[in-house]
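See below for the structure under consideration.
The values are calculated or read from the model by the stated rules, or taken from the named source; none is laboratory data. The model shown is predicted, which means the values in this text are computed figures rather than measured ones. Cβ atoms come from the backbone with ideal geometry, glycine included; neighbour counts cover every protein chain shown. Heavy atoms of the whole protein, side chains included, go into the accessibility calculation; ligands, DNA and RNA do not. Shrake-Rupley method; radii C 1.70, N 1.55, O 1.52, S 1.80 Å.
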Amino acid sequence: MFQRFSRLSNASLFVVFSIFCSTASAEKVIYDTDMGIDDWSAMLVVANHPEIELLGVTSNGVGEGHCAENMMNIPGLLALSNSADVPFACGDHFPMDGYFAFPAPWRKQADTLSGVPVPTTDRVPTELNSVDLIHQLLSEQDEQVVLLSAGSLTNIAQWLQKYPEDMPKVSRLVMMGGGFDAPGNIIVPGFTGDHPNKKAEWNIYVDAVAADIVFASSLPVEVVGLDLTNQVMVTPEYAKRFKSEVKTPAAEFWDKVLDDNDWFIESNEYYFWDVLAALVVVEPELCQGEMQSVWVEHNKVSSGDKWADTSIPNVTEAGIARSHYDPATFGITRIGGDNPPVKICRHTQPQRAFDALIEILNIQDSSNNKTI
């Protein structure tokens with residue numbers, strides 16, 4: 001889908017956007033996000049792209065951002081895009097089960113958008129929670145919808161349990177999470193350096209029970225895991241190139257985020273995670289892989305250890321006693337078992353992905369002529 005834009009100037013993109021809005025039917029997307037650092041650019045991709053109609057944004061407090069802050073930051077980010085008025089909602093504050101959470105400093109960065117300001121709006125979240133908003137948005141559509149998950153799979157699993165009749169409305173669930181041959185990313189020096197889990201990925205780790213429910217379903221899942229995202233590392237050279245091509249408020253915001261995280265980029269540990277999943281939505285060719293059955297480890301233990309977050313209530317939001325799980329294996333995605341096959345993305349085109357982010361964030365909306 002995206003390749004038709006890949007060699008256009010910004011002026012040409014303006015014209016294409018104008019023509020598209022009046023003549024073509026956009027692919028409909030619901031974006032489910034935990035509002036971590038990479039989710040911001042992923043949101044701007046699906047909110048800015050002229051061949052995407054963003055129907056709504058759902059979140060929860062399970063991942064990096066907390067609900068209260070997410071509900072202020074989401075409309076501010078959307079105000080930078082070409083889809084400022086879509087509905088948004090939050091869900092549960094804690095995982096479906098277990099006591100695991102992102103490190104507190106990461107959550108603070110998510111809640112503050114890395115200190116980069118966004119427009120203040122008077123928009124408020126819908127009265128529906130995230131699960132019910134997903135159901136409502138799907139129910140309103142005559143055609144199928146793409147679900148994009150860039151955080152824990154909590155909302156998606158709860159939606160599957162509550163509204164299984166909605167599944168035929170979903171053409172694809174593109175999710176960033178998991179990993180198979182690649183090393184995990186739970187161990188981060190300075191934050192979780194002595195963690196025992198060497199294989200899991202964070203989005204799955206914080207709610208592995210939810211992830212296992214999703215993989216056991218018959219949803220058409222595409223897994224953008226660490227095997228794929230590790231191929232697209234953000235370098236200082238790329239950040240410099242991005243800065244030289246900023247033309248819109250959306251691109252200016254992301255440029256400032258990159259400036260604030262120059263230390264992260266220089267560590268060679270920053271990759272296109274959630275943004276690569278968003279790019280797979282707009283250009284499916286960026287995911288080349290195979291169909292395999294996947295299941296998720298979640299082995300119960302009698303009590304927690306230092307990695308259990310004791311601030312999480314002992315009773316789940318479904319009213320069930322919360323269980324402890326082995327942190328060394330919780331959230332590891334495994335190939336095999338009897339679950340319906342999903343597509344595991346194994347290969348991508350890094351240069352195409354790098355180019356795509358720059359060009360999409362610099363697309364100008366013809367309706368309000370937003371440039372900087």
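Structure summary
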item	result
The chain, helix-only ellipticity at 222 nm - DSSP H runs n ≥ 4, -39,500 (n - 2.57), divided by all residues, nearest 500	-10000 deg cm²/dmol
Candidates Tyr325, Tyr31, Tyr163, ranked by Gaussian network fluctuation over the chain, Cα under 10 Å, top entry	Tyr163
Helix 350-361 vs. the chain, principal-axis angle (Cα, 0 to 90°, nearest 10)	60 degrees
Reachable lysines, given that their alpha-carbon falls under 20 Å from the alpha-carbon of Lys300 and they are not under 8 places away in the same chain	Lys198, Lys199
Theoretical gain in end-to-end length, Ala104 to Thr235 [0.36 nm per residue, Cα-Cα removed]	44.6 nm
The chain: radius of gyration and largest Cα-Cα distance (Dmax), Å	19.3, 62
Extended-chain gain in nm, criterion 0.36 nm per residue less alpha-carbon gap, His347 and Ser323	5.0 nm
Contact order relative to length of the chain, as percent, for alpha carbon pairs under 8 angstrom and 6 or more apart	22 percent
Peptides 351-358, 327-334 ordered by average Cβ neighbours within 10 Å, highest first	327-334, 351-358
Heavy-atom accessible surface of segment 246-346: percent carbon and sulfur, 1.4 Å	49 percent
Highest-first arrangement of 244-252, 223-231, where packing means the average Cβ count within 10 Å	223-231, 244-252
Inter-probe distance in nm under a simple model that places probes 7 Å from Cα toward Cβ, at Thr310 and Arg334	3.2 nm
Calculated FRET value between Ser25 and Ser302, using beta carbons and R₀ = 56 Å, to 0.05	0.55
Most mobile of Val257, Val146, Val188 in a GNM of the chain (Cα contacts under 10 Å)	Val188
Relative packing of 123-129, 148-154, which averages over residues the other C-beta atoms within 10 Å, highest first	148-154, 123-129
Computed over segment 174-262: relative contact order in percent, which uses C-alpha pairs under 8 Å that are six or more apart	31 percent
Dimensionless Rg over Rh [segment 143-236; C-alpha; Kirkwood]	1.03
Efficiency of FRET between Thr121 and His93 - r from beta-carbon atoms, R0 25 angstrom, step 0.05	0.60
Rg(Cα)/(2.2 N^0.38 Å) for segment 237-331, N = residue count	1.64
